[in-house]
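The values are calculated or read from the model by the stated rules, or taken from the named source; none is laboratory data. Because the structure is a prediction, the values reported are computed rather than measured. Please note: Cβ atoms are built from the backbone with ideal geometry, for glycine as well, and neighbour counts cover all protein chains shown. Quick note on the areas: whole protein, heavy atoms, side chains included, nothing else; ligands and nucleic acids left out. Shrake-Rupley method; radii C 1.70, N 1.55, O 1.52, S 1.80 Å.
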Amino acid sequence: MPELLATLRAARHIVVMTGAGASAESGIPTFRDALTGLWANFDAASLATPDAFARDPELVWGWYEWRRMMALRAQPNAGHRAIAEMAAKAGRLTLITQNVDDLHERAGCASALHLHGSLHHPRCSACATPHALPPDIPDEPPGGRRLAPPACRACGGPVRPGVVWFGEYLPHAALAAAQAAAADCDVFFSVGTSALVYPAAELPHVARRAGAVVVQVNPGPTDLDAAAHHNLRGRAGEVLPRLVREAWSGADAP
Ligand code: BJW
Ligand code: ZN
């Protein structure tokens, strides 16, 4: 641990990649956790694929609107804030997230590479014109009910969630920037992700091959354990604030 703290203080470029576990303490369910994960209660294949939207747009749109309401009501947690603080202390920090909420931004991170898109930027499924959604939170969340997607104002086509579904390409610029950052960093954090979904799951391995120290923050084991130099078992909202405090407290003192 003292060795990791020294590595952090000396790092030229830190990369932090987050997954659903980073937002869990804000009350947003993860995908794969056995009892609370979104897919313990819903069938992924019927919701997070282009085929699902084509087959039943009302089911899929209603589910994503429910999740968007949940994200709007949620607040950033201590883990999000610790990452923002780390960005302020570190020489350079690149934040990569698989999350489709905006809690990193609301915690004060100026920019995040959103590999899997955003709940807040839907677009037309036919012509890709962005669609503005009302920013206010309705009194009654849709609660997972079926809901007709709005019609595109340019072509009338059904508007779709601005997220990346299985079988779809990740946004090219964000993925390219994430790959370049992974290949260039001294420390790579994998926080709150099961490290199962590609190509995001490849990034810590890119970093390791390039010589970076790989640190995983997760309460449970994942497929990344064997490749990580440090496995910090615990919740992001507990582990990260402690780490930032221990690495940088007094570092600014004369
Ligand atoms: C805590 C905590 C706390 C709890 N603190 N931690 C190579 C090999 C094999 C397969 C593929 C491959 N390349 C591509 C594929 C196919 C596919 C894929 O990876 N499949 C695998 C599942 C096998 N990938 C794709 O299709 C991707 N596209 C692509 O590759 O395009 C090229 C291509 C095109 C055409 C044909 C072929 C290739 C796209 C992937 C898109 C993923 N989309 C989703 C849904 C987004 C929309 C939505 O939100 O609904 O993204 S799936 C879902 O999983 C979501 C997440 O971002 C993603 C990752 O999940 P995450 O974040 O890791 O969450 P969990 O729940 O899995 O884990 C949470 C973790 O947190 C757990 O470990 C907990 O312990 C921990 N935790 N509390 C810290 N408090
Ligand atoms: Zn359109």
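Which condition does residue 30 not pass, out of (1) within 12 Å of ligand 1 (Cβ to nearest atom); (2) more than 14 Å from the chain's Cα centre (by Cα), if it passes all the others? Single failed check for residue 30: (2). Beta carbons closer than 9 Å, at least 6 apart along the sequence or on distinct chains, pair a first residue in the stretch 216-230 that is without any contact (Cβ under 8 Å) to a residue 24 or more places away in the chain with a second that is assigned to a loop (DSSP other than H, G, I, E, B) and open to solvent by 20 Å² or more (accessible area, probe 1.4 Å) for 220/33; 220/194; 220/233; 221/233; 225/218. Of the listed requirements (1) in contact with a strand residue (DSSP E or B) (Cβ under 7 Å, 6 or more places away or on another chain); (2) buried (at least 21 other Cβ atoms within 10 Å of the Cβ); (3) not β-branched (Val, Ile, Thr), residue 121 misses just one: (2).
Pairs are defined by a Cβ separation below 9 Å, a sequence spacing of at least 6 or placement on different chains, a first member in the stretch 50-67 that is over 22 Å from residue 101 (Cβ atoms), and a second member that is assigned to a helix (DSSP H, G or I); the pairs so defined are 51/45; 55/46; 56/46.
Checking the structure you have, find out if any residue of the stretch 97-117 is within 16 Å of ligand 2 (Cβ to nearest atom), part of a strand (DSSP E or B) and modelled with pLDDT of 95 or more.
So in the stretch 97-117, the residues within 16 Å of ligand 2 (Cβ to nearest atom) come out as none.
Scanning the stretch 97-117 turns up no residue that is within 16 Å of ligand 2 (Cβ to nearest atom), part of a strand (DSSP E or B) and modelled with pLDDT of 95 or more.
Quick one: which residue in 217, 244 is under 19 Å from residue 79 (Cα atoms), open to solvent by less than 60 Å² (accessible area, probe 1.4 Å), out of contact with any strand residue (DSSP E or B) (no Cβ under 6 Å at 6 or more places or on another chain) and β-branched (Val, Ile, Thr)? The match here is 244. Here is a check on your reading of the model: is residue 151 of a type outside the set (Ser, Thr, Tyr) and open to solvent by 60 Å² or more (accessible area, probe 1.4 Å)? So residue 151 passes the test.
Among residues belonging to the stretch 64-88 that are among the charged types (D, E, K, R) and modelled with pLDDT of 95 or more, point out the one that is surrounded by the fewest Cβ atoms within 10 Å (Cβ to Cβ).
To start, the set of residues in the stretch 64-88 that are among the charged types (D, E, K, R) comprises 65, 67-68, 73, 81, 85.
So of that shortlist, the ones also modelled with pLDDT of 95 or more come out as 81, 85.
On the way: 81: 20, 85: 18.
Checked the stretch 64-88; the qualifying residue surrounded by the fewest Cβ atoms within 10 Å (Cβ to Cβ) is 85.
Here residue 33 fulfils each of the conditions (1) open to solvent by 20 Å² or more (accessible area, probe 1.4 Å); (2) assigned to a loop (DSSP other than H, G, I, E, B); (3) touching a residue at least 24 places away in the same chain (Cβ under 8 Å); (4) not β-branched (Val, Ile, Thr) apart from (3).
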